[in-house]
Amino acid sequence: MSELKSGSNLERVLKAGYFAFTGECGPPKGANVAHLKEKFQYLKGCVDAVNVTDNQTAVVRMSSLAASRLMVEEGLEPNFQMVCRDRNRLAMMSDILGAHALGIRNMLCLSGDHQSFGNHPQAKNVHDIDSMQLIALVKKMRDQGKFLNDEVIDVPPKLFVGAACNPFADPYEFRVHRLANKITAGADFIQTQCIFNMDRFRDFMKKVVDMGLDKRCHILAGVTPMKNVGMANFMKKFVPGMDIPDDLINRLKGVDKKDQSEEGICFALEQIEEFKQMKGVAGVHLMAIEWEHKVPEIAQRAKVLPRPVI
């Protein structure tokens with residue numbers, strides 16, 4: 001295996017050519033460590049790494065850095081998320097060093113949802129640097145051993161750098177070029193927004209492969225199992241950047257209410273099967289939102305167990 005950038009489990013799995021399977025866990029809206037550790041147990045052994053969200057939807061939650069460290073202590077590998085909304089460059093670089101010191105080896109660089117979506121809409125956003133610059137910053141700290149001002153870092157933080165990609169946002173034609181810019185900035189892996197419009201994603205991945213981007217970066221397709229038609233309608237109307245076809249809503253509507261969650265899981269499983277064969281897709285990022293207890297069942301039925309140990 002060629003030289004590793006961070007030595008993380010996720011990096012090793014992807015470098016070895018396995019189909020990666022990552023999960024997600026949102027920290028609590030409080031200091032409830034017991035509940036967080038309970039959620040961790042559902043993910044253990046089922047995924048290669050777990051995204052720890054950073055005040056997602058601009059709602060105050062336990063620090064993603066603290067929750068990531070708790071995850072390390074429980075024997076799981078975190079993918080520490082950092083958003084540009086809440087920190088200036090000093091706080092970012094400080095937390096990047098802190099993350100490495102705490103045993104964290106994966107990091108996802110994000111802009112962050114606008115504070116008007118959250119529970120403190122009057123908060124000031126920071127956006128000192130954007131997600132593209134944050135990717136480049138982590139790469140510079142790791143590979144050059146320098147801060148943004150070119151001062152030398154004592155011990156550089158070794159992190160496997162991730163970024164997000166939304167294939168469905170407007171203008172659609174620009175999405176693949178924005179992805180290329182993130183890869184050029186230094187993204188080692190990409191996790192996409194939840195995919196529901198498979199036709200558009202197939203088209204997007206064809207563009208990605210035609211540009212050779214899949215050879216420069218590991219791309220994980222985002223999958224969110226729908227719990228019911230209400231969730232599908234809510235995401236379609238109120239979640240920015242979502243593309244949920246009427247076909248899927250009608251499919252969920254077409255079954256009894258008590259069977260809608262099973263239908264949602266079936267659709268997710270069909271997607272995972274297709275992603276295993278899809279050119280340019282290196283794995284799946286499963287976002288079972290507040291549904292962590294379903295991850296072992298989904299992983300089993302998706303035939304992605306046992307996870308490789310490298």
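The values are calculated or read from the model by the stated rules, or taken from the named source; none is laboratory data. None of these values were measured; they are calculated from a predicted model. Here the Cβ is made from the backbone with ideal geometry for all residues, glycine too, and neighbour counts use every protein chain on show. For the accessible areas, the whole protein counts, side chains as well, though only heavy atoms, and no ligand, DNA or RNA atoms are used. Shrake-Rupley method; radii C 1.70, N 1.55, O 1.52, S 1.80 Å.
Looking only at residues in the stretch 181-206 that are buried (at least 18 other Cβ atoms within 10 Å of the Cβ) and free of Cβ contacts under 8 Å to residues at least 40 places away in the same chain, the one that is nearest to residue 162 (Cα to Cα) is 190.
Take the stretch 169-187 and flag every residue that is closer than 16 Å to residue 281 by Cβ and not in a helix (DSSP H, G or I).
Residues of the stretch 169-187 that are closer than 16 Å to residue 281 by Cβ, as a first pass: 175-176, 179, 183, 187.
Within the stretch 169-187, just 187 meets the criteria.
Somewhere in the stretch 177-197, is a residue modelled with pLDDT of 95 or more and over 20 Å from the mean Cα position of the chain (by Cα)?
Within the stretch 177-197 (the criterion being modelled with pLDDT of 95 or more and over 20 Å from the mean Cα position of the chain (by Cα)), the answer is no, since none of the residues qualifies.
Scan the stretch 5-21 and report the pairs whose first residue is touching a residue at least 12 places away in the same chain (Cβ under 8 Å) and whose second residue is charged (D, E, K, R) and part of a helix (DSSP H, G or I), with Cβ atoms within less than 6 Å and a gap of 6+ or a chain change. Matching pairs, first to second residue: 19/276. Number of residues in the stretch 10-42 that are open to solvent by 10 Å² or more (accessible area, probe 1.4 Å), among the aromatic types (Phe, Trp, Tyr) and part of a helix (DSSP H, G or I): the value is 1.
Looking only at residues of the stretch 154-171 that are open to solvent by 10 Å² or more (accessible area, probe 1.4 Å) and over 21 Å from residue 271 (Cα atoms), we find that the one that is farthest from the chain's Cα centre (by Cα) is 154.
Considered as a group, the residues in the stretch 52-103 that are aliphatic (A, V, I, L, M) and in a strand (DSSP E or B) include one that is nearest to the chain's Cα centre (by Cα), and that residue is 52.
Is it the case, given these coordinates, that residue 239 is on the phi < 0 side of the Ramachandran plot and touching a Leu at 6+ places or on another chain (Cβ under 7 Å)? First the steps, then the outcome.
Values: on the phi < 0 side of the Ramachandran plot: yes; touching a Leu at 6+ places or on another chain (Cβ under 7 Å): no.
In short, no.
State yes or no: is residue 289 of a type in the set (Val, Ile, Thr) and open to solvent by 80 Å² or more (accessible area, probe 1.4 Å)? Against the criterion (of a type in the set (Val, Ile, Thr) and open to solvent by 80 Å² or more (accessible area, probe 1.4 Å)), residue 289 qualifies.
Looking only at the stretch 134-160, count how many residues are in contact (Cβ under 8 Å) with a residue 60 or more places away in the chain and either assigned to a loop (DSSP other than H, G, I, E, B) or touching a helix residue (DSSP H, G or I) at 6+ places or on another chain (Cβ under 8 Å) (or both). Adding up the residues that qualify gives 4.
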